[in-house]
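Everything on this sheet refers to the single structure shown next.
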Amino acid sequence: MAKGWFRRTTKKIFIIGNAIVVLLFLIASLSPYINPNDFWLHGVLALCTPYLILLLILSALFWLITRPIWSLLPIIALLIGWQQIAVVFAWTGNAIFTKRKVENHFRIVNWNIQSFNGLSKNVLAKKMVREEVAASILKTYPDIICLQEFNTATTENNIQLFSRTHPYYYFSKDYERNNGEYLSGCIIFSKYPMIDTGRIAFPSEESLIYADLLKGSDTIRIFNTHLQSFKFKKNDYADIEKIKEPDESSFSATLRLMRKMKAAYKKRGEQTTLVNIAMERSPYPSIITGDFNDVPNSYTYFSIRGNKKDAFLERSFGLGRSFISIAPTLRIDYILPDQQFEVKQFDMVDEALSDHIMLVADIRLRK
């Protein structure tokens with residue numbers, strides 16, 4: 001009798017749990033269509049999507065073994081939300097990346113270099129980060145370099161680290177201290193001449209920049225941006241750890257984090273609109289690079305990508321984590337070329353010099 005009751009209760013729990021996961025996944029699948037500036041909680045659901053997909057797959061397998069009819073629920077949900085699965089995982093395979101470039105291809109690097117701070121706490125190691133970051137980038141032999149959280153100062157001219165090999169550059173100068181002695185923001189370096197540049201200021205401190213590059217007889221526009229981050233500090237990461245182990249302080253920790261996330265999602269919604277307007281006005285084939293601070297399941301990604309290609313999805317395999325803190329599913333850095341371009345190679349290079357991973361892609365403009 002007790003055994004039968006336990007079995008029925010367990011079955012109900014599994015069915016209810018299955019239904020809840022399906023419902024959350026279907027709601028999360030609406031994230032690409034809902035601007036977080038209007039309803040920011042969808043952004044949080046987008047963060048959870050990879051885990052919801054995993055739970056649905058495990059649920060489908062469980063029911064296929066125990067009660068096949070119930071497996072239809074997670075399977076149908078996965079089919080409805082296939083768009084979400086397609087951007088989480090790259091299926092194209094990852095061939096060995098070759099340093100040699102084909103003559104009519106160009107190589108582009110995208111990297112949030114974390115203000116040359118590095119990951120080591122050793123003072124001597126930190127002093128070497130500037131040169132190590134530059135060396136790591138230049139050894140890939142890029143033609144175009146797009147960096148976020150780049151800084152330079154009168155005492156340490158970081159532009160000179162790249163200008164010898166990449167004489168053309170455009171710097172956003174989003175942040176300024178000491179009457180211009182210290183500047184930071186996004187920067188584009190290029191071996192190709194820049195015939196025009198521009199900066200689109202966001203309502204917050206970040207910005208979008210572009211450079212029109214003359215490559216042979218072709219002109220291409222390169223965008224680089226750093227969208228609003230959560231701006232988590234050390235105490236915020238401590239709050240994340242508190243949430244993992246619920247106690248009396250975890251509720252207040254959750255509220256503090258949610259307030260920061262809400263503000264960031266709303267700002268990113270505004271920034272995404274400005275990015276799309278700028279890209280629509282481009283007179284040339286364009287590529288947008290940057291740290292979007294949002295995952296592929298988000299409104300930010302789907303809206304900016306539009307019908308562009310995703311270099312990672314075109315030429316890689318796996319989840320493609322690009323931010324090394326908090327969770328293993330955070331791909332928030334992108335290289336997105338127009339349809340006129342063909343992605344020939346792609347690689348993600350972890351040099352342990354930043355909390356972001358460097359993206360490298362070989363691209364060809366179709367004639």
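Computed values, structure above
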read-out: Inter-label distance, nm, simple model (7 Å from Cα along the C-beta direction), Gln340/Gln83; value: 2.7 nm
read-out: Stretch gain in nm, segment Asp38-Phe230, where the contour uses 0.36 nm per residue and the Cα spacing is subtracted; value: 67.4 nm
read-out: Value of Rg/Rh across region 14-111 [Cα atoms, Kirkwood radius]; value: 1.16
read-out: Equivalent-ellipsoid semi-axes of region 282-367, from the Cα gyration tensor, Å, largest first; value: 22, 15, 11
read-out: Relative packing of 103-113, 170-180, which averages over residues the other C-beta atoms within 10 Å, highest first; value: 103-113, 170-180
read-out: Most to least packed among 156-162, 221-227 [average Cβ atoms within 10 Å]; value: 221-227, 156-162
read-out: Hypothetical label at Val349: residues of region 163-202 whose amide nitrogen lies under 18 Å (7 Å Cα-Cβ projection); value: 163-167, 187-192
read-out: Region 320-367-region 169-205 distance, computed between alpha-carbon centres (Å); value: 21 Å
read-out: In Hz, Karplus ³J(HN,Hα) per residue of region 35-45 (6.51, -1.76, 1.60; θ = phi - 60°; x = Gly, Pro); value: 5, x, 5, 8, 8, 6, 5, 4, x, 5, 4
read-out: Sorted largest first, extent of region 68-194 alpha carbons per principal axis (Å); value: 69, 39, 30
read-out: Amide H within-cut-off set for Ser286, under 5 Å, with H built and near neighbours excluded; value: Arg221, Asp338
read-out: Å² of accessible area per residue within the chain, as computed with a 1.4 Å probe and no ligands counted; value: 49 Å²
read-out: Cα lying deepest toward the dipole's positive end in the chain, options Leu214, Ile96, Ser184, charges on Cβ; value: Ile96
read-out: Cut-off 18 Å, label 7 Å out along Cα→Cβ of Ala201, residues of region 149-172 by amide N; value: 171-172
read-out: Prolate/oblate/rounded call for region 13-62, Cα gyration tensor, a/c under 1.5 rounded; value: prolate
read-out: Coordinate range along principal axes, alpha carbons of the chain, Å, largest first; value: 81, 51, 38
read-out: Above-threshold pairs, the threshold being 21 Å between Cα atoms, out of Lys309/Lys367; Lys262/Lys309; Lys139/Lys191; Lys309/Lys344; value: Lys262/Lys309
read-out: For the chain, share of DSSP beta bridges that run antiparallel, in % to the nearest 5; value: 80 percent
read-out: For Arg331, residues with placed amide H under 5 Å, excluding near neighbours; value: Ser322
read-out: Estimated inter-spin distance, Arg259 and Arg364, nm [label 7 Å along Cα→Cβ]; value: 5.4 nm
read-out: Estimated distance in nm for a label pair at Lys101 and Thr273, the labels positioned 7 Å out from Cα along Cα-to-Cβ; value: 3.8 nm
read-out: Sulfur and carbon atoms: percent of accessible area, the chain [1.4 Å]; value: 60 percent
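The values are calculated or read from the model by the stated rules, or taken from the named source; none is laboratory data. Please read these numbers as outputs of a predicted model, since none were measured by experiment. Ideal geometry is used to build each Cβ from the backbone, glycine not excepted, and the neighbour counts take in all protein chains shown. Quick note on the areas: whole protein, heavy atoms, side chains included, nothing else; ligands and nucleic acids left out. Shrake-Rupley method; radii C 1.70, N 1.55, O 1.52, S 1.80 Å.
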